[in-house]
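Enquirer: Mind looking over this structure? Questions follow.
Quick note: the coordinates plus some simple rules give every number you see, no bench work behind them. Because the structure is predicted, anything quoted here is derived from the model rather than measured. As a convention, Cβ positions derive from the backbone with ideal geometry for all residues, glycine included, and neighbour counts pool all protein chains shown.
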Amino acid sequence: MKFSPTAQTPLEWIALKAGLVPTPLAYSHFGFMMSKFLLEAVDKGIFEAIGHQKFSIEKICTTCNLNEKSVKSLLGVLATMGLVRQNQQLFYLTPKSKKWILKDSPYSLYWLMIFDNRVCIKWMDYVGTFLETGKGLQYHETLTEDEWFYYQKAMEAAASVTSKEAVTKIPVPAGATRMLDIGGSHGLYSVALCKKYSGLTSTILDLPAAVEKAAPILEKYNTGNKVTHQPGNVLTDDLGKEKYDVIVMASVAHHFTADENKAVAKKAYDALKPGGIFTILEVLRADSAKYNGDMLSAIGDFFFALSSTSGTWSLADITHWQKEAGFSPYKKATFLTIPGYIAITGRKS
C-alpha cells in the first residue's frame with residue numbers, strides 16, 4: 001500500500017505527471033498536519049458526538065466543549081478526508097468513519113488513534129536522536145501505567161481486524177487441544193481460534209504489565225477457562241516440552257533481535273508436540289528500497305526500529321528462523337485487511 005497525492009482535475013493530473021507539483025510537501029508539510037488534526041478530532045470526541053446522527057456545529061461544540069470557529073475549520077479538513085459530510089447546516093459521518101472510528105463498531109480503531117495521539121506522537125521527537133545513535137526507545141520498559149492501558153486498547157483495536165481473518169490463515173491441526181499465544185495480551189487471536197475450534201484451549205504468555213491491563217479486555221469475551229493469561233517473558237521463560245499443538249506469535253517478532261527470534265523459534269519447536277505448528281504473523285520488510293514499494297512495510301520497519309530497536313523482518317529471515325529450529329515449511333498466507341501482513345507457518349515433523 002502507498003499513500004500519494006491524488007489529482008482531482010485533469011490539470012492537476014498533468015501537473016503531477018510533469019513533475020510540477022512539489023510532492024515531498026504532501027508528506028512533510030501536509031502529512032503531519034492531517035495526522036494530528038484527525039487524531040485530535042478523535043481524542044476530543046467529535047466523531048463520538050456526531051455518532052449515527054446529524055449534528056450542527058453548535059451542538060458538536062456544546063457536547064465536546066469546543067470552540068465553534070476552530071471546529072468549523074477542522075470539519076472542513078475532515079470532509080476532504082472523506083470522513084464527514086455536510087447537508088445544509090448539519091454534519092454527519094461517512095460509512096468509513098462509522099466503521100473504523102466509532103467506538104461501538106466491531107472494526108473500530110478508536111483506541112489505536114488515542115494511543116497514537118497520547119503516546120506515539122511524542123516518540124517522533126526522538127527520531128533525530130535515533131538516527132544519530134541507532135538506539136530505539138524500548139518503550140515496553142518505559143511505559144507509564146496509563147500508557148500501558150492505551151497500548152493494550154490500541155493492540156486490541158488493531159487485532160480486531162486481523163484476528164477475524166487469521167482464523168482462515170492459521171492451519172490448526174485436526175484434534176488440537178492446546179495453544180500458546182506468545183505476546184497475545186488482549187487475547188483476540190486466542191479467542192477467535194478457540195471459538196472456531198471447540199476443543200482448543202489457549203494460554204497467553206505476556207509481560208506482567210501487559211497482562212495487568214489486558215486482563216479486563218479478555219474478560220469481556222467470556223471465554224471462561226478456555227483462554228487464560230500467564231504472566232512471563234518468552235525470552236527468559238521455559239516453555240516446556242511437547243505441551244502444545246499450536247503456537248502463535250502475532251506482531252511480536254519486530255520487537256526482538258534476530259538472535260532472540262531464533263531462540264524463540266527453538267523454544268517453540270521444543271514446546272510443540274509432533275505435528276504441531278508455529279505461526280509467526282508480521283508485516284514483512286521489503287528486500288530493497290523501491291519507489292513503488294510497500295510504504296506500510298517501510299514505515300513499519302523504521303517505526304519499530306525507533307520504538308523497539310529491532311524492526312520488521314523479511315520472509316527469508318522468518319523462514320530461516322523456523323528452518324534452523326527444525327520446522328518444515330508448511331504454509332504462507334497473506335492478509336487482505338492489512339496489506340503486507342502475512343502468516344508464516346512451520347510444522348514440527
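Enquirer: So what's the back-of-envelope 222 nm ellipticity for the chain, counting only DSSP H runs of four-plus at -39500 (n - 2.57) apiece and dividing by all residues, rounded to 500?
Expert: My calculation for the chain gives -13000 deg cm²/dmol from helical runs alone.
Enquirer: Still on this structure, please answer the following. To the nearest 20 debye, what is the magnitude of the charge dipole of the chain about its Cα centre, counting +1 on the Cβ of each Lys and Arg and -1 on the Cβ of each Asp and Glu?
Expert: Charge dipole of the chain: 1180 debye, to the nearest 20.
Enquirer: Would you be so kind as to identify which of 240, 277, 194 lies farthest towards the positive end of the dipole of segment 167-289, taking Lys and Arg as +1 and Asp and Glu as -1 on Cβ and the Cα centre as origin?
Expert: 194
Enquirer: Moving to a separate point now. Below 20 Å, Cα to Cα, which aspartates and glutamates can residue 195 reach? Residues fewer than 8 away in the same chain don't count.
Expert: Answer for residue 195, where 20 Å is the Cα cut-off: 156, 165, 181, 219, 245, listed by chain and number.
Enquirer: For segment 287-349, what ratio Rg/Rh do Cα atoms give with a Kirkwood hydrodynamic radius?
Expert: 1.02
Enquirer: Given springs between every Cα pair under 10 Å in a Gaussian network model of the chain, which of 186, 229, 140 has the largest fluctuation?
Expert: The residue with the greatest mean-square fluctuation here is 140.
Enquirer: Taking the convex hull of the Cα atoms, report for segment 10-102 its projected area averaged over all directions, in nm².
Expert: For segment 10-102, the mean projected area of the Cα convex hull comes to 7.2 nm².
Enquirer: On to the next question. Considering the chain as a Gaussian network with a 10 Å cut-off on Cα pairs, which listed residue, 189, 92, 291, attains the greatest mean-square fluctuation?
Expert: Result: 291 has the largest fluctuation of those listed.
Enquirer: Just tell me which aspartates and glutamates come within less than 13 Å, Cα to Cα, of residue 262; anything on the same chain fewer than 8 places away is out.
Expert: Excluding near neighbours in sequence, the set is 270, 317, 324.
Enquirer: Nearest 10 degrees is fine. How inclined is helix 68-80 to the longest principal axis of the chain, computing both from alpha carbons?
Expert: Helix 68-80 sits roughly 60 degrees off the main axis of the chain.
Enquirer: Taking every Cα atom in the chain, find the radius of gyration and the maximum pairwise distance Dmax, and write them in Å.
Expert: Cα-based Rg and Dmax for the chain come out at 22.1, 67 Å.
Enquirer: To continue, here is another question. Residues of segment 92-135 with the amide nitrogen closer than 15 Å to a label point 7 Å from the Cα of residue 52, along Cα-to-Cβ, please.
Expert: Inside the label zone: 93-108.
Enquirer: Gain in length, residue 290 to residue 104, computed as 0.36 nm per residue apart minus the alpha-carbon separation, to one decimal in nm?
Expert: Extra length from residue 290 to residue 104 when fully extended: 63.1 nm.
Enquirer: Using +1 at the C-beta of Lys and Arg and -1 at the C-beta of Asp and Glu, which of 152, 295, 330 has the Cα lying farthest in the positive direction of the dipole of segment 125-347?
Expert: It is 330, whose Cα lies furthest towards the positive end.
Enquirer: Relative to the longest principal axis of the chain, what angle (0 to 90°, nearest 10) does the C-alpha long axis of helix 30-43 take?
Expert: That works out to roughly 80 degrees.
Enquirer: Something else now. How high is the FRET efficiency from residue 89 to residue 146, r the C-beta distance, R0 41 Å, rounded to 0.05?
Expert: Once rounded, the FRET efficiency stands at 0.60.
Enquirer: In degrees from 0 to 90, rounded to the nearest 10, what is the angle of the helix 208-219 Cα long axis to the longest principal axis of the chain?
Expert: For 208-219 against the chain, the angle is about 80 degrees.
Enquirer: Work out, step by step, the length gained on full extension between residue 241 and residue 15: first 0.36 nm times the residue separation, then minus their alpha carbon distance; give nm to one decimal.
Expert: Full-extension gain reported as 75.0 nm.
Enquirer: Let me ask something else. Between residue 257 and residue 336, what FRET efficiency follows from the Cβ-Cβ distance if R0 is 30 Å, with the result rounded to 0.05?
Expert: 0.50
Enquirer: Something else now. Taking the beta-carbon count within 10 Å as an exposure proxy, list 147, 324 from fewest neighbours to most. Provide the component values of the computation, followed by the final result.
Expert: Working: 147 17, 324 12.
By the 10 Å Cβ count, ascending: 324, 147.
Enquirer: Using Cα pairs under 8 angstrom and six or more residues apart, how large is the relative contact order of segment 125-347, in percent?
Expert: 21 percent
Enquirer: Still on this structure: I'd like to know which of 26, 38, 90 lies farthest towards the positive end of the charge dipole of the chain, counting +1 on Cβ of Lys and Arg and -1 on Cβ of Asp and Glu.
Expert: 90
Enquirer: If we count other beta carbons within 10 Å of each Cβ, what is the order of 249, 179, fewest first?
Expert: Ranking 249, 179 by Cβ neighbours within 10 Å, fewest first, gives 249, 179.
Enquirer: OK, next. Can you give the charge dipole size of segment 10-102 about its Cα centre, rounded to the nearest 20 debye, using +1 on the beta carbon of Lys and Arg and -1 on the beta carbon of Asp and Glu?
Expert: 220 debye
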